[in-house]
Amino acid sequence: MPDTKERLSLLWIFALLNYLYADVVALFAIVDSPNLADAPHLPPWALLSSAVLMEIPIAMIVACRLLPFRANRLANIITGAILTLVNGFLTFVPPLVGARTPALPEYLFFATIETVCTSVIVWKAWTWTGVEAAVSPERVVGNPGRAIQDQGTPI
């Protein structure tokens with residue numbers, strides 16, 4: 001059974017793949033539009049902002065595996081909440097207030113999955129206890145003999 005660090009890392013990989021594929025699908029929709037001149041052209045600050053937002057789940061994949069319990073839990077709660085709010089706000093709020101968005105049905109599909117996934121990340125991190133972190137099994141990839149010693153069985 002994988003520990004919480006591994007599960008959170010796996011959820012960040014899942015979220016990242018959904019973010020990336022949604023963006024690829026959106027690019028195909030823009031390229032296939034009848035009038036390419038009508039395609040949105042983002043200013044440099046918007047491109048930088050989206051690059052920073054994409055770097056967050058990329059960094060969290062590694063952070064989940066390397067950070068100690070308290071920092072790991074806090075990082076997952078904060079970054080998961082930020083991405084949930086940003087994604088939810090940019091995807092679901094504009095249509096509710098009557099703004100027209102280029103949100104395609106397939107993009108809404110991915111955005112819903114992404115929002116649910118980052119919400120699950122926040123919930124898993126929020127309910128993650130220090131007791132679970134203290135008793136979670138050590139990874140023994142590099143030293144399988146240590147696992148045998150830790151169990152009290154002589155090598």
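What follows is calculated from the coordinates using simple rules that are stated; it is not laboratory data. Since this is a predicted model, take the numbers as computed values, not measurements. Glycine also receives a Cβ, built like all others from the backbone with ideal geometry; neighbour counts cover every protein chain displayed.
Spin-label model, residue 46 to residue 27: label points 7 Å out along the Cα-to-beta-carbon direction sit 1.7 nm apart. Spin-label model, residue 99 to residue 123: label points 7 Å out along the Cα-to-beta-carbon direction sit 2.8 nm apart.
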